[in-house]
Amino acid sequence: MVAEKNLFLTMNDIKDLLKWDFPGGVLSVYVDVEDRGKTAQQRWKALIKSGLNGLTEKNPHDKNLAKVIETAHEELLNLPLEMRNRSLIYFRSLNPEKSFWRSLQLPVKNTFVWMNTAFLRPAVAILDEAPVMGIVILSREMARIMTWHQGLIEEKDEVKVELETGLENEPQAGAGVGQLSGSSADRFQHKVQVQINKKLGEVAAQMVKTAQEHNWQNIILMGSPKFTDTVEENLPAAMQHKVVGILDKNYINASISKIEEATTELLHDWKRQREKQKVAELLEIADSGGKAFTGLQKSIDALEQGRVDHFFFSSDLFVSGWRDTNGDILVNLSEEEAEGLKVEPHIIERMVELSFESNAKITPLEGEASEILKARGGAGVLLRY
């Protein structure tokens, strides 16, 4: 396995992995080692051994799994620390001989799965949680413009706020020698603010260029409201809608790691609130008889018919079902109804596949939004027709 660092997971990666449907089995591994201190390599090996041994205990007589685990042991345990970022996702099969992996900066939940297809639910969640995002940090002196992508920040531009000659040093109002009267100080402050606003307009213009170059999906602004408000007002309406968070803190001299931490937390909070809003809208449309369904079977039927525009599901929902003689997926059957039908052990995974086949949007839900939808079966869809 040849190691490459800082590779991003893409939608095309997931589409390629959806084609992995091998009777011999596919091993899917998601591993996170947050701390990269002295014991990181030791903990990495312990995590790998524990996860793979757990699969062996669940499938003690599976010879295919035993062979794949032997290969995975060699490939993963010997991977040097310097070739890894924060987390790693890894897929392996031996029949046919195929492997795929990415080293990421995002946190993932440690997960080891053995099934006949790649276990892609966490990968889908990574793309949903990590849009390409612009981060703009503002102060009176300068602006820092960055692009955040799957946990990594690249600083793109730095715009300095250079005031006209004579405006750099702010005088104080008062009656003392060398000081301006109150009205003169006010005029001075106004002139300074005009200059700052002009520069902030230039920052907004630079943001538009960078957003187009790097396909920003969301934007976070940092700094005093007197700066962030002005920049936001100078953005085109379409970009104003992309502003998902404003942090009233001075991060102008902060390290990249501090900025990554703050923006990741802010984005996470915004995503949870956004999910609650979307689920509320889904339930309202479904309850009023509009183009939406909740519940597993209705959602599955709509997906199989290609009618779904947006599929929502509780990210920690695991449910099995059956396939009828036509290959259609069924859930919530009685023992008598299910007699003679083929078991389908991974319903949510099949629903994700159907969503990709019909180009439907997919949102795995976490937190409160997930719990709300679980009360309605853990799945819901917005319909195209």
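The values are calculated or read from the model by the stated rules, or taken from the named source; none is laboratory data. All figures in this text were calculated on a predicted structure; none of them were measured in a lab. Backbone-built Cβ (ideal geometry, glycine too); neighbour counts: all protein chains shown.
The table that follows gives values for the structure above.
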item	result
Of residues in region 155-207 being within 14 Å of VAL231 (Cβ to Cβ) and not in a helix (DSSP H, G or I), the one modelled with the highest pLDDT	VAL159
Which numbered condition ILE252 misses (of (1) of a type in the set (Val, Ile, Thr); (2) buried (at least 17 other Cβ atoms within 10 Å of the Cβ); (3) in contact with a Ser or Thr (Cβ under 6 Å, 6 or more places away or on another chain))	(2)
Residues of region 331-346 satisfying the condition of being among the hydrophobic types (A, V, I, L, M, F, W, C) and either in contact with a helix residue (DSSP H, G or I) (Cβ under 7 Å, 6 or more places away or on another chain) or in the same structural domain as ALA123 (by TED's automatic domain parsing) (or both)	VAL331
Single condition PRO225 does not satisfy, out of (1) assigned by TED's automatic domain parsing to the domain that holds TRP148; (2) surrounded by 16 or more Cβ atoms within 10 Å (Cβ to Cβ)	(2)
Criterion (outside the structural domain of ASN332 (by TED's automatic domain parsing) and in contact with a strand residue (DSSP E or B) (Cβ under 8 Å, 6 or more places away or on another chain)) met by exactly one of ILE285, ILE300, ILE259	ILE259
Output for region 100-118, where each listed residue is crowded, with 22+ Cβ neighbours inside 10 Å and among the aromatic types (Phe, Trp, Tyr)	PHE112
Among the residues listed as THR56, THR71, the single one being in contact with a strand residue (DSSP E or B) (Cβ under 8 Å, 6 or more places away or on another chain), of a type in the set (Ser, Thr, Tyr) and either farther than 14 Å from PHE112 by Cβ or at pLDDT 90 or above (or both)	THR71
Matching residues, region 366-385, being touching a Ser or Thr at 6+ places or on another chain (Cβ under 7 Å) and in a strand (DSSP E or B)	ALA379, GLY380, VAL381
ALA286 vs. criteria among the aliphatic types (A, V, I, L, M) and under 26 Å from LYS109 (Cβ atoms)	no
When residues of region 255-269 are limited to those that are part of a helix (DSSP H, G or I) and without any contact (Cβ under 8 Å) to a residue 40 or more places away in the chain, the one surrounded by the fewest Cβ atoms within 10 Å (Cβ to Cβ)	SER257
Residues (assigned to a strand (DSSP E or B) and surrounded by 18 or more Cβ atoms within 10 Å (Cβ to Cβ)) located in region 288-328	ALA292, PHE293, THR294, VAL308, PHE311, PHE312, PHE313, SER314, GLY321, TRP322
Within region 272-287, tally of residues that are charged (D, E, K, R) and either crowded, with 21+ Cβ neighbours inside 10 Å or without any contact (Cβ under 8 Å) to a residue 40 or more places away in the chain (or both)	5
Test: residue in region 345-353 that is surrounded by fewer than 19 Cβ atoms within 10 Å (Cβ to Cβ), over 28 Å from ALA280 (Cβ atoms) and at pLDDT below 95	yes
Residue check, ALA143 farther than 20 Å from ILE347 by Cα, crowded, with 21+ Cβ neighbours inside 10 Å and touching a residue at least 12 places away in the same chain (Cβ under 8 Å)	yes
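So that you can scan it fast, the table gives a plain yes or no per residue for (1) at pLDDT 85 or above; (2) in a loop (DSSP other than H, G, I, E, B); (3) crowded, with 17+ Cβ neighbours inside 10 Å:
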| residue | (1), (2), (3) |
| --- | --- |
| ASP13 | yes, no, yes |
| SER28 | yes, no, yes |
| GLY37 | no, yes, no |
| ARG43 | yes, no, no |
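Yes/no matrix, rows are residues, columns are (1) free of Cβ contacts under 8 Å to residues at least 60 places away in the same chain; (2) within 21 Å of the chain's Cα centre (by Cα):
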site	(1), (2)
MET11	no, yes
LEU27	no, no
GLN41	yes, no
LEU47	no, no
THR71	yes, no
LEU79	no, no
